[in-house]
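Input: a single structure, listed below in structure tokens.
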Amino acid sequence: MKPRRVGMARGYEEMDGANVPRPPGSTATVGGAAVVDAIAGGAGPPQSPGTVVGSMLAGAAPEFELASVSVVPDDTYTVTQAVNALGFGWFQVKLSLCVGLCWMADSMEMTILSVLGPALHCDWGISRYQQALVTTVVFLGMMLSSTFWGHLSDRYGRKPVSNQCIRIIAISHLYALTLCGVLLFLYGLLSSVAPSFGWLLLLRGLVGFAIGCVPQSVTLYAEFLPTKQRAKCVVLLDCFWALGACFEVALALAVTPTLGWRWLLGLSAAPLFIFAIITPWLPESARYHVTSGQSDKALNTLEQIAKDNRRPMLLGRLVVEGPSGSRGSFKALLGSSLRRTTLLLWFIWMSCAFCYYGLVLMSTELFGGKNKTIIDGGMADDGITIDCQPLATTDYMDLLWTTLAEFPGIFATIYVIERFGRKKTMALQFLFYAGCVLMITVTEVRVFLTIILFMARGVIAGLFQAAYVYTPEVYPTALRSVGVGGCSALARLGAMATPYIAQVLFQSSIWSAVTVYGIFAVCASVACMLLPYETRGADLAH
């Protein structure tokens, strides 16, 4: 068996007479007819495949069947064509479970912030501004790390980090996502034994820095999805986020009232340990390998997809889908062709995170505020009497109900996004969210309040996933990870600001707080319609 050349699929040259030069005068059998090479002995000009086949048919026997002839004018294919041809199968199912676990762990670390603030307020007597700071420091770490991980992923691959880059911390041959999982587990566990508020802030900030790598898992996931299934699968990935949020609320209900918030932090780190174990089996992006000149590695990945999905591997030569451009360059995001898209997406992502996490924190304030009690002799650092607001069982149940709203929000987004497009879907969801949060001020009945929060939570959760669908589609391969990382960084900026509205301003004026969220949502809706590209039904940009 002949050795496989770089850029050729296995079996490509192993087929007798297929794409292998023949010596002058040799013959090849097609459909039972012997054909003499048109350039035998070097006589005559080279002829096209269509000319040769036409000559064959002219002198073929009557029983010769045209269906037995296969003419392939171009024997090349791209990663996009291969992924679409190999379809959705067991390979994508395994990848969905791995990335979904990462998303679930991220959700748990975010949801715990809505429970941790009130618990620390009662246990350590921290002020409202300090509660907001606990949330802000996590998103600060995420903002600082998002572009860092995105830059490394585009320059050195989605999964591995270059030895030269990680040699600074004396670690080599580790994977970026594996490193993130290990760090998340370690810092999450250490947070549960933090001796003081200062140490807790430091450790939660490090947790946020490690979480910043999570969006790269979605980028990797999207690149292995066929065009027709990409939007549905990326949106369905939010099911793992919703599952993690629900699990965290249920865990808080079971653990916090009896064992306290330290046990909650420790137990919440368990999924991160599992994720760190399974990440070495994640595949590298075939698109990244092709654009970086590693076609043989890309072929190995595509052949694994074919094997897992039980599909025949494409024959031909794997080629680059388009010009690679400036790989991993953050400046390229603001080039003339992408500047408008990038700036609008930055504002949309910032508004989306601002509104989503604001709603999560407001829900805790609305439910927990019904149980306000004054601790005898309790004083905060600024001399203000501590108004402890421990969450009761009914509060946890209402939080669980509003969190479950993310599931119908996900499925509604799947239905709408393929019929109305990405831009219109996001614009309508922002407007619906604005209407829901403004309705919070018109009722104090707990049942109606829960219904309003349920609808708002479902809409904003689906909106977040719609943004995750659109963003990887609009950026070229060379800038996809840094593009998503940049958007994620701006989202963290919105999340950093939202605690001071949802936890501080909300206490003094509910109307002022919800008005701020309504204005941001309306402005973001306009930004969605101003986006220059609609990516529904399009292949990933080259």
- Message: Within the range 291-304, does at least one residue satisfy the condition of being among the small types (Gly, Ala, Ser) and either assigned by the TED database to the domain that holds residue 402 or closer than 27 Å to residue 413 by Cβ (or both)?
- Response: no
- Query: Can we say residue 285 is within 23 Å of residue 86 (Cβ to Cβ), crowded, with 23+ Cβ neighbours inside 10 Å and small (Gly, Ala, Ser)?
  - Reply: yes
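Does residue 330 qualify as being under 30 Å from residue 526 (Cα atoms), open to solvent by 40 Å² or more (accessible area, probe 1.4 Å), modelled with pLDDT under 80 and not charged (D, E, K, R)?
yes
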- Message: Is it the case, given these coordinates, that residue 456 is small (Gly, Ala, Ser), open to solvent by 10 Å² or more (accessible area, probe 1.4 Å) and within 25 Å of residue 211 (Cβ to Cβ)?
- Response: no
- Task: Go through (1) closer than 25 Å to residue 179 by Cα; (2) open to solvent by 30 Å² or more (accessible area, probe 1.4 Å) and name the single condition residue 340 misses.
- Result: (1)
- Query: Given the residues 226, 257, which is the only one that is within 17 Å of the chain's Cα centre (by Cα) and either farther than 11 Å from residue 410 by Cβ or of a type in the set (Val, Ile, Thr) (or both)?
  - Reply: 226
- Could you please let me know if residue 268 is polar (S, T, N, Q) and open to solvent by less than 20 Å² (accessible area, probe 1.4 Å)? yes
- Is there a residue in the range 470-477 that is open to solvent by less than 10 Å² (accessible area, probe 1.4 Å) and aliphatic (A, V, I, L, M)? no
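Taking helices (runs of 4 or more DSSP H) that fall entirely within the range 444-542, which contain at least 1 residues that are without any contact (Cβ under 8 Å) to a residue 60 or more places away in the chain and closer than 30 Å to residue 226 by Cα?
Counting at least 1 such residues, we get 446-474.
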- Message: For a quick check of your reading: which helices (runs of 4 or more DSSP H) sit entirely within the range 149-245 and have at least 1 residues that are modelled with pLDDT under 75?
- Response: 163-166, 176-191, 214-223, 227-236
- Task: Kindly indicate the residue of the range 425-449 that is of a type outside the set (A, V, I, L, M, F, W, C) and at pLDDT 90 or above and also surrounded by the fewest Cβ atoms within 10 Å (Cβ to Cβ) among those meeting that condition.
- Result: 435
- So, of the residues in the range 60-102 that are aromatic (Phe, Trp, Tyr) and farther than 30 Å from residue 179 by Cα, which turns out to be modelled with the lowest pLDDT? 64
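The values are calculated or read from the model by the stated rules, or taken from the named source; none is laboratory data. Given the structure is predicted, the values throughout are model-derived calculations rather than measurements. Backbone-built Cβ (ideal geometry, glycine too); neighbour counts: all protein chains shown. Quick note on the areas: whole protein, heavy atoms, side chains included, nothing else; ligands and nucleic acids left out. Shrake-Rupley method; radii C 1.70, N 1.55, O 1.52, S 1.80 Å.
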